[in-house]
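K.L.:
Next up is a structure, given as structure tokens.
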Amino acid sequence: MGDGSNACNTIIQLIQLGMTIACVVLISRIYNKTGENPLEASESSLSNPVGNNGLSNYVNKVDYTSALSSFKYCQCGEKIWDNICTEEQIISGCFDVSKNSGRLLLRNLEMNCASYNQEILSHGLAYSKVFDLGFNMVHKMALGIMIILIAVLASIGISLIAALGTICCGEGAALLIAPCAICIILVCLFAGLVNFILFIILMVNYYKGKTTGEFLEYYDTCLEPTSQQLLKGAYDKLHSLDSNMTAFVTLNFIQLFLGYIASCLGFNNKEKN
């Protein structure tokens, strides 16, 4: 029974080891990508009258209320332009949706592009003041989680050495590392709790309010291609960050769960011994 429990614990630790390594890689990327706010970096170019002319003109002219009454729209993929499709747009696959304009503009109205544009203009095209990415706190929490995960990796490594040593060399090898067993269990339990707290703070600051996800949706939904080019650098960085964050959130939840199971099995084995 003990051997079966040890084998199960070893398998879980191996899986957790892989998950933790992946989490370390992802959280290190998140840490690096949140060191600088790309929206603030892009504002220097937008403050140039030549550079922001296209974006400023577009933000000023968007009026979805009047657009609804004109019934002249052209849909290109999921984007809807306030004009009848030109020949070039039709060739590229766009089509006239004026008969169903109210329904097809629903997504744009839900995003409330006009409200965002008005707020952006009131801040002088300072996107970082409209979309609060929360990078300051996310950056700090990412560093804390990265340190915790590295500590967990060290504990898992020692536990695997003990388990493999027992399988290969019998109880003698386990006795050499036995004094560390309680410390390893306590570290894993403490690290799991701290990781969970930092993880919650990170998610709250990343997802609450007008943050990265809202900016990405605004960029995709409310801006013309010509205006998107002015913010493409910031968009690409934030889109990459968002993908890493989604993967990290998923894997870290699994890693925390596996860490809890491994700690319980290790504690039970210690009790039996």
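K.L.:
I'd like to check which helices (runs of 4 or more DSSP H) are fully inside the stretch 71-155 and have at least 2 residues that are modelled with pLDDT under 80.
P.N.:
By residue number, 87-91, 101-104, 106-111, 113-122.
K.L.:
I need the full set of residues from the stretch 245-259 which are at pLDDT 70 or above and over 30 Å from Leu216 (Cβ atoms), in order please.
P.N.:
Leu258
K.L.:
If only one of Ser45, Ser28 is modelled with pLDDT of 70 or more and under 34 Å from the mean Cα position of the chain (by Cα), which one is it?
P.N.:
Matching residue, one of Ser45, Ser28: Ser28.
K.L.:
Which of the residues that make up the stretch 187-209 are touching a residue at least 60 places away in the same chain (Cβ under 8 Å) and exposed (fewer than 15 other Cβ atoms within 10 Å of the Cβ)?
P.N.:
Once the filter is applied, which keeps residues that are touching a residue at least 60 places away in the same chain (Cβ under 8 Å) and exposed (fewer than 15 other Cβ atoms within 10 Å of the Cβ), the stretch 187-209 yields Lys208, Gly209.
K.L.:
Of everything in the stretch 109-149, what is polar (S, T, N, Q) and at positive phi? Give them in sequence order.
P.N.:
Asn112
K.L.:
A follow-up question, please. For the stretch 126-143, enumerate the residues that are surrounded by fewer than 19 Cβ atoms within 10 Å (Cβ to Cβ) and in contact (Cβ under 8 Å) with a residue 40 or more places away in the chain.
P.N.:
Ala126, Ser128, Asp132, Met137, Leu143
The values are calculated or read from the model by the stated rules, or taken from the named source; none is laboratory data. As the structure is a prediction and not an experimental result, all values here were calculated from the model. For neighbour counting, all protein chains shown are included, and Cβ atoms are generated from backbone atoms with ideal geometry for every residue, glycine included.
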